[in-house]
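The values are calculated or read from the model by the stated rules, or taken from the named source; none is laboratory data. Everything quoted here is computed from the prediction, not taken from an experiment. Note that each Cβ is placed from the backbone with ideal geometry, even for glycine, and that neighbours are counted across all protein chains shown.
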Amino acid sequence: MKSSPRSLSGQTVRGKQVVRVTGGTMRSQRLHFPAMPGLRPTPDRVRETLFNWLGQNLDGWRVLDLFAGSGILGIESLSRGAQWVGLIEQSARVAAEIRNSLKTMSVADDRARVWSQDALGWLRQAPNQFVSGERIDLVFLDPPFARLDLLSQAVERLQQADWLADDAYLYIEQSAQEASVQPVGWVRLREGRAGESAFALWQRERAPSASE
């Protein structure tokens, strides 16, 4: 008798990769997404570390998942109470799978939006995507490791963004073989390594007030 295919996080099952949510209200639910070159979900233990750094309660946060891939970082945020998550994924096929995952997990339409668009193009138009006064509290930045240029350009655009909260967080994941990207105007809070990945959590450096 043939054994049943295993559905473990990060493995390929019937032509699709599988990853599970590690915490919050959607804990242990699984996402399925195409097995495509360069599509590399953040490993379980790295996500667990990240959300331990951030704290497990993201109630009221507005989150942006650039280079969303599987969408797991954005969905982990929703699972932990984020008010809204925007997911930007260039591949129409992968973006469709993210929408399917959100529907399967019964995420309300007003809590998440998926853009099938390249991240740099989206960032150029970002001021037009938000209602006046809306601010993003957390950005995930995890482009394909082979495209360090994408990471550098995205960081440069985020440094100039006026739609980020004054105390916004920035999570960067990149190849451990490359020199660490250093965003100007941000303070590195924590960093770690796991296998081929180097990851760090940054916070926007608040400008001193006139009274300080």
For segment 174-194, does any single residue satisfy the condition of being buried (at least 20 other Cβ atoms within 10 Å of the Cβ), in contact (Cβ under 8 Å) with a residue 40 or more places away in the chain and hydrophobic (A, V, I, L, M, F, W, C)?
no
Among (1) in contact (Cβ under 8 Å) with a residue 40 or more places away in the chain; (2) on the phi > 0 side of the Ramachandran plot, where does GLY133 come up short?
(1)
Can you tell me which residue is surrounded by the most Cβ atoms within 10 Å (Cβ to Cβ) among those in segment 61-86 that are touching a residue at least 60 places away in the same chain (Cβ under 8 Å) and on the phi > 0 side of the Ramachandran plot?
GLY69
ALA108 vs. criteria more than 18 Å from ALA168 (Cα to Cα), of a type in the set (A, V, I, L, M, F, W, C) and over 16 Å from the mean Cα position of the chain (by Cα):
yes
Go through segment 63-87 and report how many residues are within 17 Å of LYS103 (Cα to Cα) and part of a strand (DSSP E or B).
4
Can you tell me which of ASP110, ASP162 is farther than 21 Å from ALA68 by Cα and not in a strand (DSSP E or B)?
ASP162
Go through GLU97, GLU76, GLU48 for me and flag whichever is out of contact with any helix residue (DSSP H, G or I) (no Cβ under 8 Å at 6 or more places or on another chain) and modelled with pLDDT of 95 or more.
GLU48
